[in-house]
Amino acid sequence: MPSSKSPGQAVPTGADLARPGSVRLDHVTHRYGRGSEEVTAVGPIDLNVSPGEFLVLVGASGCGKSTLLRLIAGFEQPTHGSVQVSGTEPRPGEAAGVVFQQPRLFPWRTVQGNVDLALRYAGVDRDRRPQRRAELLRRVGLEDAGKRRTWEISGGQQQRVAIARALAAENPLFLLDEPFAALDALTRERLQEDVRRVTAQSGRTTVFVTHSADEAVFLGSRIVVLTKRPGTVALDLPITLPRGDVDAEELRNSGEFAELRARVSHAVKDAAAA
Ligand SMILES: Nc1ncnc2c1ncn2[C@@H]1O[C@H](COP(=O)(O)OP(=O)(O)O)[C@@H](O)[C@H]1O
Ligand SMILES: [Mg+2]
């Protein structure tokens, strides 16, 4: 199995795998349906994510990316093997903040109403909520949109609200399932830059699903390419592009970026054809 680990990359130790924000998949297989309807969506797959890593899962449509994310979120239990987040079995709604392809906001609430609800669910005291809400809206660039209804703002802004809401819970894991797939190219690039910055600041572990090699290389500190269904690891690639405060345009135009993008793109095509 092709695997690419740089010699300098830290291999997580036992203690690491119980730390907040760690993810551990041990020989995970997931099947849907029964009998002749049975579909093995993923596995067997072993995957460890260290606290603070930004892991991007890439693969063709139907290879099991969303299934893997749902297993990590605790929305599904594996048919075989075990999933652990921060050293324990993930509980839905508690393990991670999740952002989906569609923002899934409450349309009868304002922008700030949507964030407030998430803060309430997260158990943040009523008197602390306005301050937390202001911080979150500032982080996603919506400080002036709090009073607007969700149908009055653009698709890109709605997805920013969904990101703020997912960050409200303060849990150490942030999961995103093709969150920008429905957006236009310009909005997508801007939100990619936001997510890169916001996750670097928060230090959270992030698992991001996409089928775009370009998006994967821009965002990830590590990329895992999945085979076609049932998804297993085809390539595990550390991304050494500079993180933190970088000029996004410069990064996207660099030779190193182009090389990595080509490599990931080839791996995705090979994996889909194999
Ligand atoms: N709830 C479900 N019931 C039955 N089959 C499912 C269900 N969800 C996904 N699948 C199947 O599992 C496979 C992987 O799906 P999914 O994880 O959504 O892939 P991806 O996100 O990579 O497109 C697909 O063949 C899909 O049809
Ligand atoms: Mg999917």
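The values are calculated or read from the model by the stated rules, or taken from the named source; none is laboratory data. Nothing here was measured: the structure is a model prediction, and the numbers come from that model. Ideal geometry is used to build each Cβ from the backbone, glycine not excepted, and the neighbour counts take in all protein chains shown.
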### Query
Could you list, in sequence order, the residues of the range 82-109 that are over 21 Å from residue 50 (Cβ atoms) and surrounded by fewer than 20 Cβ atoms within 10 Å (Cβ to Cβ)?
91, 92, 93, 100, 101, 102, 104, 106, 107, 108, 109
### Task
Output the helices (runs of 4 or more DSSP H) that fall wholly within the range 136-229 and possess 3 or more residues being in contact with a His (Cβ under 8 Å, 6 or more places away or on another chain) and surrounded by 20 or more Cβ atoms within 10 Å (Cβ to Cβ), or say none.
none
### Query
Can residue 256 be described as at pLDDT 95 or above and either farther than 22 Å from residue 48 by Cα or part of a loop (DSSP other than H, G, I, E, B) (or both)?
yes
#### Entry: Unique match (being free of Cβ contacts under 8 Å to residues at least 40 places away in the same chain, of a type in the set (A, V, I, L, M, F, W, C), under 12 Å from residue 54 (Cβ atoms) and out of contact with any Asp or Glu (no Cβ under 6 Å at 6 or more places or on another chain)) among 195, 217
195
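Let's see how each residue does on (1) of a type in the set (Asp, Glu); (2) under 17 Å from residue 72 (Cβ atoms); (3) more than 16 Å from ligand 2 (Cβ to nearest atom):
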| position | (1), (2), (3) |
| --- | --- |
| 203 | no, no, yes |
| 214 | yes, no, yes |
| 222 | no, yes, yes |
| 229 | no, no, no |
| 234 | no, no, yes |
### Query
How many residues are buried (at least 22 other Cβ atoms within 10 Å of the Cβ) and closer than 19 Å to residue 22 by Cβ when one looks only at the range 230-241?
0
